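The values are calculated or read from the model by the stated rules, or taken from the named source; none is laboratory data. All figures in this text were calculated on a predicted structure; none of them were measured in a lab. Virtual Cβ from ideal backbone geometry, glycine too; neighbours counted across all protein chains shown.
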Amino acid sequence: MDQALNGNHLKKILNIKAGFTPAFTMIELVFVIVVLGILAAVAIPRLAVSRDDAILVKGKSQISAIRSGIAMQKSKRLLEGTPPFVLANLDGVTVYNKKDQNLFNFSDGNSSNILAYPILSKLNHDGSWVKTGANSYNFRAEGKDINFTYNSVTGTFGCGTSEYCKSLTQ
C-alpha cells in the first residue's frame, strides 16, 4: 500500500481531497496562445504570396494560350489561302464591361475560335478577364487592371510596359 501512495500519485490524491482538480495554469494557456499567434503571423503572409503567384501563373498561361491561338488561326488561314489572314476580332462579344461573357471564342461552332474553351468574364475579380472595347481586354491581378490590346493588322496581343504587364508576359 505504501508503494501505491508515493510520489505523484499521492499528490493527486491529496489535491482531489482538498478540492483541487488538475488543470492548465493561466501562464501555460497564455504561452500556447502566444505560440499559436506567432505561427499564424508567419504562415498567413506566405499563403497570401502563394495566392498572388498562382494568379500571375494563371494569367501567363492564358496569355500564352491566346497568343498561340492567334498564331494558329493566322497559320491556318495562310495555308488555306483564306484572306484576311489575321482575324478582325478575337471573339463575338459586342457588349463591353459585362460579366459572364465567353471571351476569345465565337461560341457558334466557328472554326476560327482562338480558344477551344472560352474564358468567362468576371468583373473586379483577381485572375479574371473582361472585354473593355472592340479589341481591348483587361486582366485583373493584385487589384490592378492590366490592359491588353489586340492589333488586328499585325495579329499581336500585348499590353504596355508597366511592371504588371512585364510580369505577365515574360
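Filtering the range 75-85 for residues that are of a type in the set (A, V, I, L, M), closer than 28 Å to F106 by Cβ, in a helix (DSSP H, G or I) and touching a residue at least 40 places away in the same chain (Cβ under 8 Å) leaves an empty set.
Return the only residue of I38, I55 being within 30 Å of F104 (Cα to Cα) and modelled with pLDDT of 85 or more. First the steps, then the outcome.
Numbers: I38 fails: within 30 Å of F104 (Cα to Cα).
Within the list I38, I55, the selection yields I55.
Here is a yes/no grid of residues against (1) under 17 Å from W129 (Cα atoms); (2) at pLDDT below 90:
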residue: I63; (1), (2): yes, no
residue: L79; (1), (2): no, no
residue: Y96; (1), (2): yes, no
residue: F106; (1), (2): yes, yes
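None of N147, N124, N89, N102 is within 23 Å of L168 (Cα to Cα) and in contact (Cβ under 8 Å) with a residue 40 or more places away in the chain except N89.
Taking the criterion of being without any contact (Cβ under 8 Å) to a residue 40 or more places away in the chain and in a loop (DSSP other than H, G, I, E, B), would at least one residue in the range 127-136 satisfy it?
There is at least one residue in the range 127-136 that is without any contact (Cβ under 8 Å) to a residue 40 or more places away in the chain and in a loop (DSSP other than H, G, I, E, B).
Within the range 117-147, being within 12 Å of L56 (Cα to Cα) and surrounded by 14 or more Cβ atoms within 10 Å (Cβ to Cβ) holds for D126, G127, S128, F139, R140, A141, I146.
The residue that is farthest from A88 (Cα to Cα), counting only those in the range 102-158 that are β-branched (V, I, T) and out of contact with any Phe, Trp or Tyr (no Cβ under 9 Å at 6 or more places or on another chain), is T154.
When the range 59-71 is filtered for residues that are surrounded by fewer than 16 Cβ atoms within 10 Å (Cβ to Cβ), touching a residue at least 24 places away in the same chain (Cβ under 8 Å) and out of contact with any Leu (no Cβ under 9 Å at 6 or more places or on another chain), only A71 remains. Residue by residue through the range 141-170, note down the ones that are of a type in the set (S, T, N, Q) and either in a strand (DSSP E or B) or touching a helix residue (DSSP H, G or I) at 6+ places or on another chain (Cβ under 8 Å) (or both). Hits for the range 141-170 are N147, T149, N151, T156, S167, T169. The set of residues from the range 86-104 being surrounded by 12 or more Cβ atoms within 10 Å (Cβ to Cβ), in contact with a strand residue (DSSP E or B) (Cβ under 7 Å, 6 or more places away or on another chain) and part of a loop (DSSP other than H, G, I, E, B) comprises L90, D91, V93, Y96, N97, Q101, F104. Within the range 150-170, the residues that satisfy the criterion of being under 15 Å from K60 (Cα atoms) and free of Cβ contacts under 8 Å to residues at least 12 places away in the same chain are G158, E163, K166, Q170. Residue check: S107 meets all listed conditions (1) in contact (Cβ under 8 Å) with a residue 24 or more places away in the chain; (2) part of a loop (DSSP other than H, G, I, E, B) but one, namely (1).
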